[in-house]
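Participant: One structure follows; several queries about it will come next.
The values are calculated or read from the model by the stated rules, or taken from the named source; none is laboratory data. Source: prediction; values computed, not measured. A quick note on method: Cβ atoms are made from the backbone with ideal geometry, for glycine too, and the neighbour counts reach across all protein chains shown.
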Amino acid sequence: MQNSLQQKLGKEIEKPPWLRKRLTLTKEIDAINLLINRLSLNTVCQEAMCPNQAECFTKGTATFLIMGKVCTRNCAFCAIKHGIPEEIDLDEPINLAQAVLQLHLQYAVVTSVTRDDLHDGGARHFAKTVIEIKRLNPNTKIELLIPDFKGSVDSLNIVIDSRPDVLNHNLETVPSLYSFIRPQADYNRSVQLLKNVKRINPGTITKSGIMLGLGEKENEVLALFDDLTDANCDILTIGQYLQPSPNHYRVVEYIHPSVFAFYESEARKRGLKGIASSPFVRSSYRADELFREVLSLESGGKEIAG
Ligand code: SF4
């Protein structure tokens, strides 16, 4: 996994004080884990070792991971296993809808591993999952964090037709680092996907996310914000990259919280509406709040109940 840039980076750098977080196990966490196991579901929270698990689980939210725990891609920052993917569980959509019902979720986030082995990239399974969640939970808002479907507009249409409330697709980092960080992805293809969502259904709220600390330059991050503005993207999450294991891409820099604040104001200046920017932010962190923020802005500041 280590590439020439990694070797040049040399010694690991020490974690700063603002990145120390204790994981406190609570009964809510146990309850969610029990439910998820009983319904044979997976969460990206657990698979990607998210630092916010305790906080989110205690609030009764989780990000469900569909189509198995094995990805067909191998991004250098990602803790999810890669290799031969698992068989699709056709009961997963109804089981997930059941979990949303039993957890009384007002806002459900669903993501997946990338399934380049499937002709539609898993678009139909995503759509079935949205339809089942809405059938059992008509008032629950649904956010999908989707892969790039290799740029297939047909697959994107299938997902959009199921009417999710928010469509999220992460750019993850700046284009100059793609060959190191996500070699099977394409920056322009990902930006085009976000543009296509707005072209196909302008009413869909779009979202993207990036990690900092991988060696990106400030002008590259600001240029990425311009690309998101150009794509009419509504929501942006910005968090610190944390190395999941010694075999993963090494952290180049721990970014100070003041820099996250700077980027938040720069993104807001460029018209992005809902922004979460701080070291522990992850794609679906405070997802429901950011959604309501955008709705409120779009309705001229009216308070949107949660
Ligand atoms: S495509 Fe997604 S799940 Fe797969 S390795 Fe990359 S980040 Fe992880």
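Participant: For VAL109, indicate whether it is under 23 Å from SER245 (Cα atoms), under 17 Å from the mean Cα position of the chain (by Cα) and touching a residue at least 12 places away in the same chain (Cβ under 8 Å).
Facilitator: Numbers: under 23 Å from SER245 (Cα atoms): no; under 17 Å from the mean Cα position of the chain (by Cα): yes; touching a residue at least 12 places away in the same chain (Cβ under 8 Å): yes.
For VAL109, the condition - under 23 Å from SER245 (Cα atoms), under 17 Å from the mean Cα position of the chain (by Cα) and touching a residue at least 12 places away in the same chain (Cβ under 8 Å) - is not met.
Participant: Somewhere in region 73-83, is a residue farther than 29 Å from GLU28 by Cβ and either in contact with a helix residue (DSSP H, G or I) (Cβ under 6 Å, 6 or more places away or on another chain) or more than 10 Å from the ligand (Cβ to nearest atom) (or both)? Working first, answer last.
Facilitator: First, the residues of region 73-83 that are farther than 29 Å from GLU28 by Cβ: 73-76, 82-83.
If we keep only those that are either in contact with a helix residue (DSSP H, G or I) (Cβ under 6 Å, 6 or more places away or on another chain) or more than 10 Å from the ligand (Cβ to nearest atom) (or both) too, we end up with 76, 83.
Yes - at least one qualifying residue is present in region 73-83.
Participant: Here are some residues: THR114, THR72. Which one is touching a Gly at 6+ places or on another chain (Cβ under 9 Å) and either within 28 Å of ALA223 (Cβ to Cβ) or aromatic (Phe, Trp, Tyr) (or both)? Reasoning before the result, please.
Facilitator: Numbers: THR72 fails: either within 28 Å of ALA223 (Cβ to Cβ) or aromatic (Phe, Trp, Tyr) (or both).
Going through THR114, THR72 in turn, just one is touching a Gly at 6+ places or on another chain (Cβ under 9 Å) and either within 28 Å of ALA223 (Cβ to Cβ) or aromatic (Phe, Trp, Tyr) (or both): THR114.
Participant: Let me ask you something else. Give all pairs with beta carbons closer than 7 Å in which a residue from region 157-173 that is more than 24 Å from GLY239 (Cα to Cα) meets a residue that is basic (Lys, Arg); count only pairs at least 6 apart in sequence or on separate chains.
Facilitator: ILE158/ARG124
Participant: Quick one: in region 18-69, of everything that is within 13 Å of the ligand (Cβ to nearest atom) and among the charged types (D, E, K, R), which residue is modelled with the highest pLDDT?
Facilitator: For region 18-69, the residue satisfying everything is LYS69.
Participant: Another question about this same structure. Out of PHE57, PHE77, PHE64, PHE126, which single residue is without any contact (Cβ under 8 Å) to a residue 40 or more places away in the chain, buried (at least 18 other Cβ atoms within 10 Å of the Cβ) and aromatic (Phe, Trp, Tyr)?
Facilitator: PHE57
To keep it simple, each residue is scored yes or no on (1) touching a Pro at 6+ places or on another chain (Cβ under 9 Å); (2) within 21 Å of SER40 (Cβ to Cβ).
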site: ALA99; (1), (2): no, yes
site: HIS104; (1), (2): no, yes
site: TYR107; (1), (2): no, no
site: HIS125; (1), (2): yes, yes
site: PHE149; (1), (2): no, no
site: LEU156; (1), (2): no, no
site: ASP161; (1), (2): no, no
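Participant: Okay, next question. So for region 132-148 (the condition being over 20 Å from ILE32 (Cβ atoms), within 16 Å of the ligand (Cβ to nearest atom) and surrounded by fewer than 22 Cβ atoms within 10 Å (Cβ to Cβ)), does at least one residue qualify?
Facilitator: No, the conditions are met nowhere in region 132-148.
Participant: Something else now. Would you check if there is a residue in region 96-111 being more than 8 Å from the ligand (Cβ to nearest atom), in a strand (DSSP E or B) and surrounded by fewer than 16 Cβ atoms within 10 Å (Cβ to Cβ)?
Facilitator: Checked region 96-111: no residue is more than 8 Å from the ligand (Cβ to nearest atom), in a strand (DSSP E or B) and surrounded by fewer than 16 Cβ atoms within 10 Å (Cβ to Cβ).
Participant: Moving on. Could you check SER208 against (1) crowded, with 21+ Cβ neighbours inside 10 Å; (2) over 21 Å from PRO147 (Cα atoms) and say which number it fails?
Facilitator: (2)
Participant: To continue, here is another question. Checking SER176 against (1) surrounded by 23 or more Cβ atoms within 10 Å (Cβ to Cβ); (2) in a helix (DSSP H, G or I); (3) more than 16 Å from the ligand (Cβ to nearest atom); (4) free of Cβ contacts under 8 Å to residues at least 60 places away in the same chain, which test does it fail?
Facilitator: Unmet condition: (1).
Participant: Is there a residue in region 124-146 that is in contact with a Lys or Arg (Cβ under 6 Å, 6 or more places away or on another chain) and at pLDDT 95 or above?
Facilitator: No, region 124-146 contains no residue that is in contact with a Lys or Arg (Cβ under 6 Å, 6 or more places away or on another chain) and at pLDDT 95 or above.
Participant: Considering only region 181-194, how many residues are among the hydrophobic types (A, V, I, L, M, F, W, C) and more than 13 Å from the ligand (Cβ to nearest atom)?
Facilitator: Step one: filter region 181-194 for residues among the hydrophobic types (A, V, I, L, M, F, W, C), giving 181, 185, 191, 193-194.
From what's left, more than 13 Å from the ligand (Cβ to nearest atom): 191, 193-194.
So the answer is 3.
Participant: Then there's this: Being at pLDDT 95 or above, within 16 Å of the ligand (Cβ to nearest atom) and touching a strand residue (DSSP E or B) at 6+ places or on another chain (Cβ under 6 Å), is that true of even one residue in region 195-202?
Facilitator: No, region 195-202 has no match at all.
Participant: Something else: Within region 153-163, is even one residue crowded, with 17+ Cβ neighbours inside 10 Å, closer than 23 Å to SER190 by Cα, in contact with an Asp or Glu (Cβ under 9 Å, 6 or more places away or on another chain) and of a type in the set (Asp, Glu)?
Facilitator: Within region 153-163, none of the residues are crowded, with 17+ Cβ neighbours inside 10 Å, closer than 23 Å to SER190 by Cα, in contact with an Asp or Glu (Cβ under 9 Å, 6 or more places away or on another chain) and of a type in the set (Asp, Glu).
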